[in-house]
Amino acid sequence: MLAKLTQQDLIELIGKESGRCVSILMPTYESGPETAQNSIRFKNLATQAIENTSDSCEKLQHRLQELSRLGQDDNFWQHQSAGLAIFVCEHGEQRFWLPQSPRETVYVGKEYCVEPVAAMGSVVAQPID
């Protein structure tokens with residue numbers, strides 16, 4: 001179920017430090033034949049995230065491998081907003097549909113790259129267990 005990102009959600013993302021945190025931000029096409037490009041763009045970014053974390057713990061690598069399968073979910077890519085943000089660590093992941101198109105980014109660090117998302121204001125989030 002989709003829910004609005006709250007200030008508390010944002011604070012939790014900002015405060016999250018879990019070894020390695022991966023942030024994937026990408027613009028998406030909302031409708032039309034161009035939506036086929038969404039999954040291709042995502043697969044490339046997921047591959048980049050996997051390569052950038054090759055020295056990370058197995059749990060994070062496993063999560064990223066599982067996440068990369070999202071590139072094969074045509075239904076998911078047909079129903080998008082202007083952008084997508086995915087935040088992954090060894091303990092879980094969260095996905096955010098964005099009201100504006102972010103710059104395509106894969107960031108790996110001790111914390112998530114949330115500044116571009118926070119600057120957009122209203123965001124719709126779908127936590128993933």
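Read the figures in this text as sums done on the coordinates, not as results from a lab. These figures come from a predicted structure and were not determined experimentally. Using ideal geometry, Cβ is built from the backbone for each residue, glycine included, and neighbour counts are taken over all protein chains shown.
Observations
- Neighbour counts of C-beta atoms inside 10 Å place Lys59, Lys16, Lys110 in the sequence Lys110, Lys59, Lys16, starting with the fewest.
- Gaussian network model of the chain, springs between alpha carbon atoms under 10 Å - residue of Glu111, Glu90, Glu12 with greatest fluctuation: Glu12
- Full-stretch length increase - Glu104, Gln72 - with 0.36 nm per residue and alpha-carbon distance subtracted: 9.6 nm
- Taking Asn75, Asn44, Asn52 as the candidate residues, the one with maximal mean-square fluctuation in a Gaussian network model of the chain, Cα springs under 10 Å, is Asn75.
- Residue among Gly32, Gly71, Gly15 with the largest mean-square fluctuation in a Gaussian network model of the chain, springs linking Cα atoms under 10 Å: Gly32
- One chain, two ends: Ala36 and His79. Fully extended at 0.36 nm per residue, the span grows by 14.4 nm beyond their Cα-Cα distance.
- Electrostatic bookkeeping for Leu70 treats Lys and Arg as +1 and Asp and Glu as -1; over the other residues with beta carbon under 14 Å from its beta carbon, the sum is +1.
- Partner aspartates and glutamates whose Cα lies under 19 Å from the Cα of Lys43, excluding those fewer than 8 positions away in the same chain, are identified as Glu30, Glu34, Glu51, Glu66, Asp73, Asp74, Glu93, Glu104.
- At R0 = 25 Å, FRET efficiency that the Cβ-Cβ distance of Thr47 and Gln8 yields, to 0.05: 0.15
- This model, with +1 at the C-beta of Lys and Arg and -1 at the C-beta of Asp and Glu, gives the chain a dipole about its Cα centre of some 100 debye.
- Extension gain for His91 to Ala118 (0.36 nm times residue separation, less C-alpha to C-alpha distance): 7.5 nm.
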